[in-house]
Structure formats: structure tokens, C-alpha cells
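Q: One structure coming up, written as C-alpha cells, with questions to follow.
The values are calculated or read from the model by the stated rules, or taken from the named source; none is laboratory data. Treat the numbers as computed from the prediction; the structure is a model and nothing was measured. Glycine also receives a Cβ, built like all others from the backbone with ideal geometry; neighbour counts cover every protein chain displayed. For accessibility, only protein heavy atoms count, side chains too; no ligands or nucleic acids. Shrake-Rupley method; radii C 1.70, N 1.55, O 1.52, S 1.80 Å.
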Amino acid sequence: MRMPRFLSRSAAMIDDRTGLITATQGAMYHRVPRNAKWWYVFGSATLMFFIIQLVTGVLLTTLYVPSAAEAYSSLVYIDEKVPGGWMLRALHGWSSNAMCVMMLIHMTQVFLHGTYKYPRELTWVAGTLLCLTTLALAFTGQVMRWDSNAYWGLGIGAAIVDRAPFIGNWLRAIVLGGPDISGATLSRFFALHVFILPGAAIALIGLHLMLVLKNGISEMPKPGAPVEPETYREEYHARIKKTGVPFFPDAARRDMVFCGAMLIVLIGIAAWFGPFGPGPVPDPTIIEVSPKPDTLFLWIFAVLALLPPNTETFLLLAGPPVIIGFLAALPFISPTGERAPSRRPLSVVILVAIVTALGVLTVLGEYEPWSPRMRAWTSDTTPVEYVKHRSPLELQGALQLQYAQCRNCHSIGGIGGKRGPALDAVATRLSWDQLVRQIQQGGGNMPAYGKNLSSAEVEALVAFLSTLDDQAQPALIPGAMEAQPARDESPTVADASAAP
Amino acid sequence: MRLGLICLLGTTVLVGGCNDLPGKPPPNPAPVIPANTSAGFEAIYAERCAGCHGNNGVLGAARPMRDADYLQSIPRETLFAVTRNGVPGTRMPQMGGDAVDPIPDDVLHKFIEGMVDTWGVLKPGEPRPSRGIAWKHVPGSGDASRGAAIFEAKCVYCHPAQMKASAAYDLDRPGTVTDPLVVGSVVDPFYLRLVSDQHLRSSVVYGRADLGMPGAAGPFRSPDGKEVAEPLDAEAVADLVAYMISFRDEWPTRAEKKDGAP
């Protein structure tokens, strides 16, 4: 099919003045390695999801009201009143997750194939910055919902920056736009989410793509063919000239098929699962809130919960710069040599370790109480079997256990914190005196409560704890489960079948 | 032309069908459940009270709230005040007022209403464990020595000062009792320092049906474990409470005022 004459003439004129069409054609028809097969589609898919983000995001800004008073109701308006509005939000939210996932897969593939080595070091660095930008977009996007989860995420983020020595308070004020989460916080995060971060992302994507074009798409790694900076470029260009294929349509075909499939999956997921939130309004009168960050950030909260308390501040502040620094420095640490995974066992081990750790932490974040449950002391009940057949003093001890919020760190009946040991069988491990000493003087990770509890409170608490023998397990140490001399002991019913 | 028609049809189906897709969110904000409906009050209860007062109001370490006799007897204003301000010196925290993350007073009023209306329904004709005896403790009332006699006759089987002194103590298996009703001392000075006088009176008057403890209506147990049908009257309740209170500062002698709650 031939172009009409006036069209081709206009095109020639535009190209003559701007050079755009030549540049585009250069990008479209640049030669890529023939063996660059399905491994290479993830970067394109990430870009596609970003474009979906841009389109849906721009549409959403036409409807969203970035004010603390109206943000929430404008989301409800979008969900309920705007035709297809909920779908728009669902697409935006799910494509954000999909973009992060694709990006991580893309990074994994690049890492695994050693593509970051010479001459593509800066492509990797730009990619690392893009990764951070994308995660920041995801986090700020979660804040846009301005529901209790947003509050929670912000609160934890603010608590983390607050820990920075000397400048913590100042940093917190910068992040939140004041000492507390307020309307200014939302405006700040809105500016970040719709102007600053997308702008940065677009610029970085441009740089990333420019570098990809400049240095060419890498070939599949071949064992025994290490990267030598002296000869690499010449050999690459020679091979590409001989065996390469034009990006369009040969390689682009796979990209399009994969992106199309991903798009269908995205629409399906969005239609089936709907938009994220908005969760409950952050309001003390509305109850049954269990705030939780989006899945992508769950692992961070699992880490927060599992860190030993005395290392927490250090690791929280030193960890991210070290990790980011390591990622960015990777191509300079190892710029040459073998690319094939089979010849880089250490890299494969590191990758497997990171993927496993992130996976496990995400699962833990899903199931573990990753931060203190503020309502645990009033909402998590004492197991009924620990209430029955207990003396009045022991029942007061059970109340004291709730009241002093012991279950922020300790669990009974499987409910409670994981920081300290579960207390269900504590009586088999510690004698009465040891329990008293542990409570009063602390030890291990436990603070001393001696100054905070009256002797009657300690007595009641120990009386209750000394009944927790995990269904009459035998004592593990001599003296455990023996009542204090001259004190009353928990009656054990001899004939269990006689119990009501 | 045909292609255009198909496209138009497809779009119409897509857009029109959007409302039936499973991902469409339900009406939002989810209707706020008024606290005085059953669901509303139970949600607050689960969040704020169940930890101590038990799931569904029974079998917690603290007094059961699913107790129609109790809820009908205590004035709503008292229930409100105790919930709002807590009971200093005991493990009942304040839930309203200047507490951290307080329940607003209007919600709390509705909560009390919801609880009394739901759990406080007396079945007609059913005997009341309290026999209608006044709920309120009057400081200084009752006679401890009379109380001691009543305690010996009706309470000591289940609440022996020392488990070994109980008639149900199993001499063949030390540390065990043969009767699950036998639970332990209520004249333990430490126990008495952790609870209010009102707690003692409420326990005597209303009992704890969920744990098998009778109210003033009985039946009780004689020291050898036989059933005693004769109920307590108002005077006996006051005497019993006075008797228990007399043990509060007995041993160790130093009285403690400090409450170590966070």
C-alpha cells in the first residue's frame, strides 16, 4: 500500500525540519541479536504498564481531589458515580503492582544474565534509579487513598525517618509537612506522586532507553565467552551485522504478543478484583480496622517486626543506603568477565537468597503480627481453657496480663506478639521465683517491670503464669510448676471428665 | 461499515456490562453501623472489651457482660461511667474521656444501650441469681464476724483459703482436687488488693454463671460439698463482703496504694 503523495511529502518535510522520523526509524529498525528471545520481553512489559499508569493516572487526576477533607469522598465518587471510574482505579492500582513485579523480573533477568557488565553499566544504574522511583510511586500512590492504611503506612514511614540521629525530627517534618500527618502531608505526597516522581520516571526511562539503543541489546550469555572491554564492542557490532535482525518487526513481535497477553491479564484482574481500597476512614469511631501496607511493602514490616530491638534503628537507617549503594555499584564491582549464570555461581546464590528472603518475609508480613496490635490488650481474649478452673487471684493475673499489654510481645493461645516467647507452657520452663525475677528485673529482650507493677500485681501475674503448663506437660526444670510455699496453688481437677 | 457496527456493539457490551463485573466495589463508604444496634455494639465490644470480658461476653478473665440480671440491675449511667472512666486501682481501664484513642461519649452511650438491649434481656419467669438484692456496695456496711460464719457455711468448699484444706483435695494425688467447682481463695490479700469492694459485692450478688459460681440465690455448698439451697439475703451479702474486705491488708501488713498500670 503506497502512501498518498501529500502525506509522504508532509512526512518528508517534518523529518527534514525535526529529524524525528529518521530517529524513530533508527530505533525501530536497529539490529538486535537473533537469539534475543522471550527472555527480553519483561522490560517492554514494564514500560507498557508504566504507560497504562500514565494514562489512567492522568484521567484520575481529573477526578481526584487532593485535599484531606475531600480525598476520601472523591474516591468514593469515582468508584460509584463516574461510569467505569472504579475500573480506572482498579487498572491504575493493579498496573502499579504489575509494573513493580515486571520490573523486578526484568532486574532479575538482567542480573542473572550479567547484562549490567561492560558497556551497559550506566543502563543498570539508570535502571536502579528507576526501580527506586517506581517503588516511591507505589508508596506515594498508596497514600493518595487517604484511608486508614495510608495513615498507617505514613505513620510507620515517619517513625522510621524520625529515628535518624540529630536530623530525625527535621526530616520527619519535611516528609509530613509538619510534625504530624495532616492536610499538608497529602498535598506533599500528591505533588510527589503526580509531578515529581512521574517526571523523574519519564526522564529516567528516556535515559534508560537511549542507553539501550546506544549500546545495543545484549546477546544471550554464552559460557566461556567473557566480556573483554577491549574487544567487546567490535565483536558485538560484527556479530549483529552478520546475524542480527531488525527490532521491528522481528523482536517487537514477541514484545507485542507478551504485552498484549499481560494487558488482557491486567484487565481481567482489575475487573475481577476491583480497585484497592479505599479502606476505612481513619477515624477512631470506626472500628475493626486492621491496617496493613500493600503487598509490595509487606516484607519491610516483617523485617521491622523481626529485627532485634537494639539493632533496629541502626539497620533501618543504614540498611537501605547500603542495599541501594550495592545495587548501583554492582556493574563497577564486576564490570567484565563471564556473563553466563553457570559460570557465576556466587551471583546465582545471592539472587536465590534475595528472592527467597523477600518471598518469605512477604509471607511472614501477611501472617505475622508485624507490628504491635494496638488493640491486642482489649480485643484478644484469654483462651477459655485458661479461664476455667482458675482461682480468683489467677484470674486477676490474667487481667493483668492483658492490662499491662504483655501480649504485645508474648502470645498465649497463639494470639499475641512474636517478639518474646509464647507463654502457653511458661510454667514448665520457669519456677515461681524465676517468673517473679523475670518480670521484675527483665532479661533477654524483656524490659524490667519491677518499678511498674505492685507486688500484688506481680503475685497475680505469676499465679496465672504458673498455671500455664500447656495441658499438663511435665516440668522441664526442677522446681517449675511448684507453688510458692505458703501460697495457694492452682487446683488441677483430678477427674477431667467431671469438668462441666 | 460492518466492522464499525461490531466495534460499537462490543464497546456497548463492555461498558454496559461493567456494572456486573465482580470487581465493582460495593457501595462505599460501608454504611456506618450505629453502635446501639446489635452488630454495632458487638463490634465495639470485640475491639475494646473482649480481651478481658470474654468472647461474646462470657468466659473471660473479668466479669461476664452477657448477664441479663447484672445488666438490668446496674443503672445505665453507672455502666457508662465505669466504661468511660475505668475503675482506678483495678484492671478496668478507661475507654472514653481523656484516654488514649477514646470512644466518644455519644458512641459510648449507644454502646451501653446496645449492650443492655441485647444481652440484658431477662427471660420472663426465670429466677434472678441476684434475687433483686441491691447491686451497690455501701462502704462500712455488713458485719465481718457474721460474714465469717456464712462464709464457713456456704463458700469455703469452693473457695478454701488453702487448697489442701478443701474437702475436695485429693490426698492420693497431691495438687489436685476431685471437684471442678473448687477454684481457690477469695480471701487472698493480694487478690483483694487488685479488686474493688464493688467487684466483691457484684461477684457475691450476681455470681459468675459462666464459670459455675452461683449468685445470691444459690445453691451453695456446705463444707463437705453437699448442696445448700438456702439463698443469701441482702444482709448476708453485706456481711460476706465485709468479711472478705477484712483480709485485704492482713498479710503482708504494708498496704499498697500504687497502681502500676501503664
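Q: Can you compute the radius of gyration and Dmax for segment B:144-245, using only the Cα atoms, both in Å?
A: According to the Cα coordinates of segment B:144-245, Rg and Dmax are 13.1, 40 Å.
Q: Would you please classify the overall shape of segment A:384-471 from the alpha carbon gyration tensor, given that a ≥ b ≥ c denote the square roots of the eigenvalues, rounded means a/c under 1.5, and beyond that prolate means a/b larger than b/c while oblate covers the rest?
A: rounded
Q: Lys/Arg Cβ at +1, Asp/Glu Cβ at -1, dipole of chain A taken about the Cα centre: which of A:Pro331, A:Ile354, A:Ala23 is farthest positive-ward?
A: A:Ala23
Q: Using only Cα positions of segment B:38-119, each an equal point scatterer, no hydration layer, compute I(q)/I(0) via Debye at q = 0.14 Å⁻¹ and quote the log10 values to two decimals.
A: Each listed q corresponds, in turn, to -0.41.
Q: What residues have an amide H closer than 5 Å to that of A:Met446, excluding those fewer than 5 places away on the same chain, when H is modeled at 1.01 Å from N in the peptide plane?
A: The answer is none.
Q: Another question, if that's okay. Hey, could you get me the Stokes-Einstein D for segment A:14-367, Kirkwood radius over alpha-carbon pairs, 4 °C and 1.567 mPa s, rounded to whole µm² s⁻¹?
A: Numbers: Rh = 22.4 Å.
Calculated translational D: 58 µm²/s.
Q: Run the simple label-point estimate for A:Arg5 and B:Ser196 please: 7 Å along Cα→C-beta, distance reported in nm.
A: It works out to 10.1 nm between the two label points.
Q: How large is the helix-only mean residue ellipticity at 222 nm for the protein assembly as shown, computed as the sum of -39500 (n - 2.57) over DSSP H runs with n ≥ 4, divided by its residue count, in deg cm²/dmol to the nearest 500?
A: Mean residue ellipticity, 222 nm, calculated: -16500 deg cm²/dmol.
Q: In addition: Just by accessible area at a 1.4 angstrom probe, what is the order of A:His389, B:His109 from largest to smallest?
A: Of A:His389, B:His109, the descending order of accessible area is B:His109, A:His389.
Q: Quantify how strongly other chains surround peptide B:40-51 by giving the mean number of their Cβ atoms within 10 Å of each of its Cβ atoms.
A: Taking the mean over all residues of the peptide, I get 4.
Q: Here's a follow-up. Per 5 Å bin, what percent of the C-alpha pairs of segment A:1-133 does each bin hold, from zero upward?
A: Taking every Cα pair in segment A:1-133, the percentages come to 2, 8, 12, 13, 12, 11, 12, 12, 11, 6, 1, 0.
Q: Here's a follow-up. Note down the nm distance, to one decimal, between modelled labels 7 Å out along Cα→Cβ at B:Thr78 and at A:Asp250.
A: It works out to 9.1 nm between the two label points.
Q: To continue, here is another question. Quick one: length gained pulling A:Leu54 to A:Asp15 fully straight, 0.36 nm per residue minus the C-alpha distance? Walk me through the intermediate numbers first.
A: Details: separation 39, 0.36 × 39 = 14.04 nm, distance 2.74 nm.
Full extension of this stretch gives 11.3 nm more.
Q: Additional query: Which whole-number percentage describes the relative contact order of chain A, with Cα contacts under 8 Å and a sequence gap of 6 or more?
A: 17 percent
Q: Additional query: Please compute how much accessible surface disappears when B pairs with A, both sides summed, using a 1.4 Å probe, and round it to the nearest 100 Å².
A: Using a 1.4 Å probe, the pair buries roughly 5300 Å².
Q: Need one value for A:69-81: mean number of C-beta atoms belonging to other chains within 10 Å of its residues' C-beta atoms.
A: The shielding value for this peptide is 2.
Q: Now for a different question. Once you have a ≥ b ≥ c as the square roots of the Cα gyration tensor eigenvalues for segment A:182-272, tell me rounded if a/c is under 1.5, and otherwise prolate or oblate according to whether a/b is larger than b/c. List each step's numbers first, then the result.
A: On the way: a/c = 3.19, a/b = 1.72, b/c = 1.86.
Note, shape of segment A:182-272 comes out oblate.
Q: Quick one: ranking A:Phe332, A:Phe6 by accessible area, 1.4 Å probe, largest first, what do you get?
A: Solvent-accessible surface, decreasing: A:Phe6, A:Phe332.
Q: Something else about it: Mind grabbing the accessible area of A:Lys117 for me, 1.4 Å probe, Å², rounded to tens?
A: 10 Å²
Q: Evaluate the charge dipole of segment B:144-245 about its Cα centre and quote only its size in Debye, nearest 20, assuming +1 on the Cβ of each Lys and Arg and -1 on the Cβ of each Asp and Glu. Before the final figure, lay out the partial values.
A: On the way: 9 positive and 13 negative charges, 42 e Å.
Using Cβ point charges on Lys, Arg, Asp and Glu, segment B:144-245 gives about 200 debye.
Q: Still on this model: How far is helix A:252-273 tilted off the main Cα axis of chain A, in degrees rounded to 10, range 0 to 90?
A: Tilt relative to chain A: about 40 degrees.
Q: Output the 0 to 90 degree angle, nearest 10, between the alpha-carbon long axis of helix A:295-306 and the longest principal axis computed from the alpha carbons of chain A.
A: 40 degrees
Q: Could I ask something else about it? Ordered by residue, what ³J(HN,Hα) values in Hz, to whole numbers, does segment A:72-88 give under the Karplus form 6.51 cos²θ - 1.76 cosθ + 1.60, where θ = phi - 60° and Gly and Pro are x?
A: 5, 5, 6, 5, 4, 4, 4, 5, 9, 9, 7, x, x, x, 4, 5, 4
Q: Quantify how strongly other chains surround peptide B:194-201 by giving the mean number of their Cβ atoms within 10 Å of each of its Cβ atoms. Intermediate values should be presented prior to the final figure.
A: Values: counts 12, 7, 0, 0, 0, 2, 1, 0.
Across the residues of B:194-201, the mean count of other-chain Cβ atoms within 10 Å is 3.
Q: So, with +1 on the Cβ of K and R and -1 on the Cβ of D and E, and no other charges, what is the size of the charge dipole of chain A about its Cα centre, to the nearest 20 debye? Please list the in-between numbers first.
A: Working: 38 positive and 36 negative charges, 558 e Å.
In total the dipole reaches around 2680 debye.
Q: Can you find, among B:Ala46, B:Ser145, A:Val125, the residue farthest towards the positive end of the dipole of the protein assembly as shown? Put +1 on the C-beta of Lys and Arg, -1 on that of Asp and Glu.
A: The Cα lying farthest towards the positive end belongs to A:Val125.
Q: Count the lysine pairs in segment A:14-367 whose Cα atoms sit under 24 Å apart, keeping only pairs 8 or more residues apart in sequence or on different chains.
A: The number of close lysine pairs in segment A:14-367 is 14.
Q: Could you derive backbone 3J(HN,Hα) for segment A:94-111 from the dihedral phi with the Karplus parameters 6.51, -1.76 and 1.60 (θ = phi - 60°), listing whole Hz in sequence and x where the residue is Gly or Pro?
A: Once θ is set to phi - 60°, the couplings for segment A:94-111 become 6, 5, 5, 5, 4, 5, 4, 5, 4, 4, 5, 5, 4, 4, 4, 4, 5, 5 Hz.
Q: Go through A:Leu186, A:Gln396, A:Trp94 and say which Cα lies farthest out towards the positive end of the charge dipole of chain A; charges sit on Cβ, +1 for Lys and Arg, -1 for Asp and Glu.
A: Checking the options against the dipole of chain A, the answer is A:Trp94.
Q: Determine the order of A:Tyr77, A:Tyr72, A:Tyr118 by accessible area, beginning with the largest, at a probe radius of 1.4 Å. The partial results should precede the final answer.
A: On the way: A:Tyr77 120, A:Tyr72 30, A:Tyr118 55 Å².
Solvent-accessible surface, decreasing: A:Tyr77, A:Tyr118, A:Tyr72.
Q: I'd like the orientation of helix A:309-333 relative to chain A: the angle between its Cα long axis and the longest Cα principal axis, in ° from 0 to 90, rounded to 10.
A: Once rounded, one gets 20 degrees.
Q: I would also like to ask the following. What does the C-alpha gyration tensor say about the overall shape of segment A:92-136? Classify as rounded when a/c is under 1.5, otherwise prolate if a/b is larger than b/c, or oblate.
A: Verdict is oblate for segment A:92-136.
Q: How big is the protein assembly as shown in terms of Cα radius of gyration and Dmax, in angstroms?
A: Just the Cα atoms of the protein assembly as shown yield Rg and Dmax of 34.8, 118 Å.
Q: So for segment A:115-258, averaging the separation of alpha carbon pairs under 8 Å that are six or more residues apart and normalising by length, what relative contact order in percent results?
A: 30 percent
Q: In square angstrom, rounded to the nearest 10, how much accessible surface does A:Ile323 have for a 1.4 Å probe?
A: So the heavy atoms of A:Ile323 present about 100 Å² to solvent.
Q: Starting from the Cα-Cα distance between B:Ala161 and B:Val121, subtract it from 0.36 nm times their residue separation and give me the gain in nm to one decimal.
A: Numbers: separation 40, 0.36 × 40 = 14.40 nm, distance 3.62 nm.
Here the answer is 10.8 nm.
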